[in-house]
Amino acid sequence: MMFFITPFKFLCALLVLASFSNARRRVRHENHHGIATVFWTAEGPGTCGYTTAPADYFVAIPSGRFKRSECGNIVSVTASQTGATVSAQVVEQCPQSQCSVNDLGVSYAIFTALGGVLGKGVNVQWGGSGI
């Protein structure tokens with residue numbers, strides 16, 4: 001049995017593949033400049049339903065930017081002074097009393113990895129797909 005593909009079917013297949021690769025390129029990636037502070041989570045699951053520990057790499061997005069759809073997304077956080085970079089999962093929203101619109105609540109593990117000292121914030125650049 002022979003299998004023939006018509007030029008039309010071939011072109012359609014190429015267009016479908018091209019649309020998938022272009023969809024990935026269209027995801028916006030914003031970088032924010034702010035201050036990272038230690039975010040202590042309450043016992044039990046938070047806003048996103050995750051239970052965390054201080055040794056985990058997680059972040060809390062400012063409530064002014066937070067959307068439920070961001071739960072579980074990965075963000076990159078870079079310390080402005082040292083250049084240390086970590087990746088972390090979004091597990092919570094950070095209340096306005098702790099985080100302004102460009103600030104970030106981070107786990108204790110991230111805070112120390114970025115060179116933070118308790119009582120002071122760390123200047124950071126952070127972002128992720130669609131955040």
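The values are calculated or read from the model by the stated rules, or taken from the named source; none is laboratory data. It should be emphasised that the depicted structure is a prediction, and the values quoted were computed from it without experimental measurement. Neighbour counts are summed over all protein chains in view; Cβ atoms, including those assigned to glycine, are modelled from backbone coordinates with ideal geometry. In case anyone asks, the SASA skips ligands and DNA or RNA and just uses the protein heavy atoms, side chains included. Shrake-Rupley method; radii C 1.70, N 1.55, O 1.52, S 1.80 Å.
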Using a 1.4 angstrom probe with every protein chain in place, what is the largest-first accessible-area order of Glu43, Glu30, Glu70?
Glu43, Glu30, Glu70
What is the distance in Å between the Cα centroid of segment 78-131 and that of segment 45-59?
14 Å
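So if R0 is 35 Å, what FRET efficiency would Glu43 and Thr82 give, r being the distance between their Cβ atoms, rounded to the nearest 0.05? Present the calculation step by step, with values, prior to reporting the outcome.
Numbers: r = 32 Å, r/R0 = 0.91.
Result of the calculation: an efficiency of 0.65.
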Distance in nm between label sites at Asp56 and Ser69, each 7 Å beyond Cα in the beta-carbon direction?
2.4 nm
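Report the full-extension gain for the segment Asn31 to Ser100: residue separation times 0.36 nm, less the Cα-Cα distance, to one decimal in nm.
23.3 nm
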Averaged per residue, what accessible area in Å² does segment 76-131 show with a 1.4 Å probe, protein chains only?
45 Å²
